[in-house]
Amino acid sequence: MSDPRPIGLFDSGVGGLTVLEAVARRMPFEDLLYLGDTARLPYGTKSPETVRRYARRAIGFLLSQGVKAVVVACNTASALALDVIEEISAVPVVGVVAPGAEAAVAAARASDLDGVLGPIAVLATEATVASDAYGRAIRALDPGRDVIHTACPLFVPLAEEGWTENEVARSAAARYLAEVPRAGARVVVLGCTHYPLLTRTIAGALPKGTILVNSAETTARAVEAALPPGSRRGEISHGTTRLLVTDASERLRRVAGRFLGRPAADLTLVDLP
Ligand code: DGL
């Protein structure tokens, strides 16, 4: 038995393309359908009610395209709206918070010294930080573990501008991350789609040996686990990728190319009903 329907991926914008790439590497025979709600980006500065309303509408559209699973690549939507999304979805839903928390706990356990639980730092948007979703997920796996949160809102426009390794990025990182070593955190979760683009700058602002957790790979593994062999497309030919966006400016194409690491040739504009 096989299931030819595409896997749906959703993000507020094009940052989630890093998750799409990870899923494509892990499941190369699957067709992927990506929806970026670029007309309403950013989600990370908005209220929980608005994020939930936007996510419900976007996921409703993705489901109407006949996807066999929904991957919520957006950390903010995963943190604030996963319950709403699960409520309206008849197919499996995979968010990025649980896989990210699992990877962080595994890294923290491996780096604890003399059985002393070192805190985990979570870097994310203001909305994700306010939700404490990562904190709850980490404590559920590892109850004694402290979690500190730092909102780094400027990292999103910096990543989109391609200013990931210049003095502006370095000075923003120095200010945002000063608390992390003071708190003794040696494991840091990149809890936003955009932050992996600033990996070198973030690592440079932290003590040597700090582990940065990027949830794209662990999320791809969770997607694979959510789709048992009978629900795969079958190893017929390499899968195709379709990229849908709710706003497609020239700037957005440039930004999408930065996340993909190659030109984002075909972005299709859609209007959410
Ligand atoms: N995709 C969002 C996230 O991962 C970042 C961009 C936004 O604020 O919408 O949290």
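Suppose we filter 199, 268, 218 for residues that are surrounded by fewer than 17 Cβ atoms within 10 Å (Cβ to Cβ), among the hydroxyl-bearing types (Ser, Thr, Tyr) and either in a helix (DSSP H, G or I) or without any contact (Cβ under 8 Å) to a residue 12 or more places away in the chain (or both); which single one remains?
Values: 268 fails: either in a helix (DSSP H, G or I) or without any contact (Cβ under 8 Å) to a residue 12 or more places away in the chain (or both); 218 fails: surrounded by fewer than 17 Cβ atoms within 10 Å (Cβ to Cβ).
Just a single option satisfies the conditions, and that option is 199.
Yes or no, residue by residue, for (1) on the phi > 0 side of the Ramachandran plot; (2) in a helix (DSSP H, G or I); (3) within 16 Å of the ligand (Cβ to nearest atom); (4) at pLDDT below 95:
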position: 100; (1), (2), (3), (4): no, yes, yes, no
position: 160; (1), (2), (3), (4): no, yes, yes, yes
position: 172; (1), (2), (3), (4): no, yes, yes, no
position: 180; (1), (2), (3), (4): no, yes, no, no
Qualifying residue in the stretch 253-262 (condition: modelled with pLDDT under 90, among the aliphatic types (A, V, I, L, M) and over 30 Å from residue 107 (Cα atoms)): no
Only one of 156, 188, 116 that is open to solvent by 70 Å² or more (accessible area, probe 1.4 Å) and among the β-branched types (Val, Ile, Thr): 116
Selected residue (only one of 257, 191, 261 is closer than 28 Å to residue 55 by Cβ and within 16 Å of the ligand (Cβ to nearest atom)): 191
Inter-residue pairs, beta-carbon under 8 Å, first in contact (Cβ under 8 Å) with a residue 60 or more places away in the chain and farther than 19 Å from residue 247 by Cα and in the stretch 28-46, second basic (Lys, Arg) and crowded, with 21+ Cβ neighbours inside 10 Å, 6+ apart: none
Candidate set: the stretch 53-87, residues that are charged (D, E, K, R) and closer than 29 Å to residue 2 by Cβ; chosen: the one nearest to the chain's Cα centre (by Cα): 86
Checking residue 224 against (1) modelled with pLDDT under 95; (2) open to solvent by 40 Å² or more (accessible area, probe 1.4 Å); (3) within 29 Å of residue 7 (Cβ to Cβ), the condition it does not meet: (1)
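Among residues belonging to the stretch 119-137 that are part of a loop (DSSP other than H, G, I, E, B) and in contact (Cβ under 8 Å) with a residue 24 or more places away in the chain, point out the one that is surrounded by the most Cβ atoms within 10 Å (Cβ to Cβ). Write out each step before concluding.
Going residue by residue through the stretch 119-137, those that are part of a loop (DSSP other than H, G, I, E, B) are 119, 125, 132.
Then drop every residue that is not in contact (Cβ under 8 Å) with a residue 24 or more places away in the chain, which leaves 119, 125.
On the way: 119: 16, 125: 30.
Checked the stretch 119-137; the qualifying residue surrounded by the most Cβ atoms within 10 Å (Cβ to Cβ) is 125.
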Count of the stretch 23-69 residues which are of a type in the set (Val, Ile, Thr), surrounded by fewer than 24 Cβ atoms within 10 Å (Cβ to Cβ) and within 16 Å of the ligand (Cβ to nearest atom): 3
Index of the failed condition, residue 76 passing every other in (1) assigned to a helix (DSSP H, G or I); (2) in contact with a helix residue (DSSP H, G or I) (Cβ under 7 Å, 6 or more places away or on another chain); (3) over 20 Å from residue 17 (Cβ atoms): (3)
In the stretch 138-153, residue most open to solvent (accessible area, probe 1.4 Å) [restricted to those that are within 24 Å of residue 174 (Cβ to Cβ), more than 12 Å from the ligand (Cβ to nearest atom) and touching an Asp or Glu at 6+ places or on another chain (Cβ under 9 Å)]: 149
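The values are calculated or read from the model by the stated rules, or taken from the named source; none is laboratory data. As the structure is a computational prediction, the values presented were derived from the model and not from experiment. Positions of Cβ are generated from backbone atoms using ideal geometry, with glycine treated the same way; all protein chains shown enter the neighbour counts. Heavy atoms of the whole protein, side chains included, go into the accessibility calculation; ligands, DNA and RNA do not. Shrake-Rupley method; radii C 1.70, N 1.55, O 1.52, S 1.80 Å.
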